[in-house]
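> Quick one: structure below, then a few questions.
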Amino acid sequence: MGWHKIGIKKMEALTIIQRIAPLHTADQQALLALFEEVTFNKQHNIIETGKNSRYLYFLKTGSCRIFYYKEDREVILDFAFPGDALVSLNSYVHGKPGYETIQSLEPVTVYRIHSAQLQSLFSNTLGIANWGRKLAEVETLKIEYRLMSKLFKTARESYQDLLERAPELVNQIKLGFIASYLGISQVTLSRIRAKK
């Protein structure tokens, strides 16, 4: 599915790299050299709808929500936790503005990589090019999983999946955001939570 259970509140850059695809030491070092650690305050839009994102981000600490606007309301697609990539695939693959907004739910620390620098490494290093392909595959599988969950899982099952991904962090997310993600009302979510 592309997600790993997060039992920690922090993930280091090398662990994130190796989780996507193992690299030889020289390739690890070349990729790590591009990682820049940046912090954002709560409710900062890291990636914005309609804007071209020049960076890929990997969450070191904290959590984010991924959403888009539909008829003047926010629809939450997913949440991101330590170790997750924050990427607009439309910007990453096509260099065009993305469809989603990724916003921090709390103060976060991320690693960012400039897309042009990463593309340069792809051109020069087969191991890193394969790592980038694997990253795109993982992100595509996340999209497929979200679609399949919406089509075939109940809200209760999707909530349980979310809890399994990051149990400590999910409890800090506003109920309205989780309800939007599940496509249900807050009242229904409260019933689901009460039956845990």
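> Could you go through the stretch 84-93 and let me know if any residue there is out of contact with any Cys (no Cβ under 7 Å at 6 or more places or on another chain) and farther than 20 Å from R146 by Cβ.
no
> Is it true that Q43 is polar (S, T, N, Q) and under 14 Å from E106 (Cβ atoms)?
Details: polar (S, T, N, Q): yes; under 14 Å from E106 (Cβ atoms): yes.
Considered against the rule, which asks whether it is polar (S, T, N, Q) and under 14 Å from E106 (Cβ atoms), Q43 comes out as yes.
> Any idea how many residues of the stretch 113-148 are closer than 19 Å to H24 by Cβ, open to solvent by less than 50 Å² (accessible area, probe 1.4 Å) and part of a helix (DSSP H, G or I)?
Of the residues in the stretch 113-148, 9 are closer than 19 Å to H24 by Cβ, open to solvent by less than 50 Å² (accessible area, probe 1.4 Å) and part of a helix (DSSP H, G or I).
> Looking at the stretch 24-82, which of its residues are within 21 Å of A155 (Cβ to Cβ) and either over 13 Å from the mean Cα position of the chain (by Cα) or of a type in the set (F, W, Y) (or both)?
Residues satisfying the conditions are F67, Y68, K70, R73, E74, V75, F79, F81.
The values are calculated or read from the model by the stated rules, or taken from the named source; none is laboratory data. Keep in mind the model is a prediction, meaning the values are calculated, not measured. Here the Cβ is made from the backbone with ideal geometry for all residues, glycine too, and neighbour counts use every protein chain on show. Only protein heavy atoms, including side chains, enter the accessible area calculation; ligands, DNA and RNA are left aside. Shrake-Rupley method; radii C 1.70, N 1.55, O 1.52, S 1.80 Å.
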